[in-house]
Ligand SMILES: [Mg+2]
C-alpha cells in the first residue's frame, strides 16, 4: 500500500474550507449602547455615586472633610488618572483613584477595603443610555453564524463594574471575552489591549474584525494591531477621522453583517 494514498484526499472531494474570520470584537460605549440620550454631565452623574462612598465611609466611623471637598477630590483625581493614562495609553485604574481620594481625605488607603468602596459607589446603567435598536439582533446573528465575540472598552473600571450594565441590557452572555483598559493595563489604541483579547479568543488579528465609534482609539488601534477595522459612524456622533482610515464604515450595526459575508468570500 502506498502510504501517501491514505493521507491524501481524492481530488474530487472538497477540502473543508476554514472561514476567513474567527471573531468579531466590539467597543462598548456608543458602539453597542447609545449614550446620546444622557442628560447629565460626568460630574453631575457622579455626584450621587461619590456620595454613596462618602456615606459608606461615614458609616464605618471615618471622619471626613466636607462632602463637596470629597466630591471635588474625586473629580480631580479622576481627571488626573485619565490625563496620565493618555500620555502613554496605559490603563487608568479606578481603584487607584479611590485610594488617592481617600488619602486626600486624610484616610490611610492601606487600611481600607477598596473593593468594598467600588461596590458602594454603585455604578449602574445611566438614565437615557439605551441599546441601539439592532444591537441584540446583530450579536445574535453573529453568534448563530459561529463567530466568537469580544468586547474591549476604554474604561477605568474593572470589567465586573461594566458587567452591571451588560447584564441590564441583556448583553452579558454574548461575549467570549470582555476586557476594560483597567483590566488590561492599556488603553486603546495601544496594541496590547487588542492582543490580549485575541489571545483569549485564540485567534490572529487578521482573522478578527473590530467595530468601534472612535477613530483615534478604536480604528487607529485596530489598524495598528492588524485587525480589520469597522467604524460605526451614525450621524449623531460626528467623529473627526483626523487622518485615520477605517477598512469599512457603517452607520448602523446591521450593516456589519453583509461585510462579514463579503469577507468570507475572500481567500
Ligand atoms: Mg466608544
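Bear in mind that the values in this text are calculations on the coordinates, not laboratory data. Treat the numbers as computed from the prediction; the structure is a model and nothing was measured. So basically every Cβ, Gly included, is an ideal-geometry build from the backbone, and we count neighbours across all protein chains shown.
Listed values, structure above:
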{"read-out": "Fewest-first ranking of 155, 90, using other Cβ atoms within 10 Å as the exposure measure", "value": "90, 155"}
{"read-out": "Label point at residue 238 placed 7 Å out along Cα→Cβ; residues across region 189-219 whose backbone nitrogen lies under 18 Å", "value": "213-216"}
{"read-out": "Cα centroid of region 200-226 to Cα centroid of region 134-167, whole Å", "value": "15"}
{"read-out": "Distance between modelled label sites at residue 257 and residue 141, nm, 7 Å Cα→Cβ extension", "value": "0.3"}
{"read-out": "Label-point separation, residue 45 to residue 88 (7 Å along Cα→Cβ), nm", "value": "2.8"}
{"read-out": "Order of 78, 72, 229 - criterion: other Cβ atoms within 10 Å of each residue's Cβ, fewest first", "value": "72, 78, 229"}
{"read-out": "Rounded to 10°, Cα long-axis angle of helix 42-59 versus longest principal axis of the chain", "value": "60"}
{"read-out": "Least to most buried among 53, 219 (fewest other Cβ within 10 Å first)", "value": "53, 219"}
{"read-out": "Mean separation of Cα contacts under 8 Å, 6 or more apart, over the residue count of the chain: relative contact order %", "value": "23"}
{"read-out": "Stokes-Einstein D in µm²/s, Kirkwood radius over Cα pairs - the chain at 10 °C with 1.306 mPa s viscosity", "value": "78"}
{"read-out": "Nearest-ten-degree value, helix 159-168 long axis tilted from longest Cα axis of the chain", "value": "80"}
{"read-out": "Estimated 222 nm signal from helices in the chain, with DSSP H stretches of n ≥ 4 weighted -39500 (n - 2.57), rounded to 500", "value": "-12500 deg cm²/dmol"}
{"read-out": "Chain lengthening between residue 264 and residue 80 when straightened (0.36 nm per residue, less Cα-Cα)", "value": "61.8 nm"}
{"read-out": "Beta bridges per DSSP with both ends in the chain, % antiparallel, nearest 5", "value": "15"}
{"read-out": "Region 42-121 - Kirkwood radius from inverse mean 1/r over Cα pairs (Å)", "value": "12.8"}
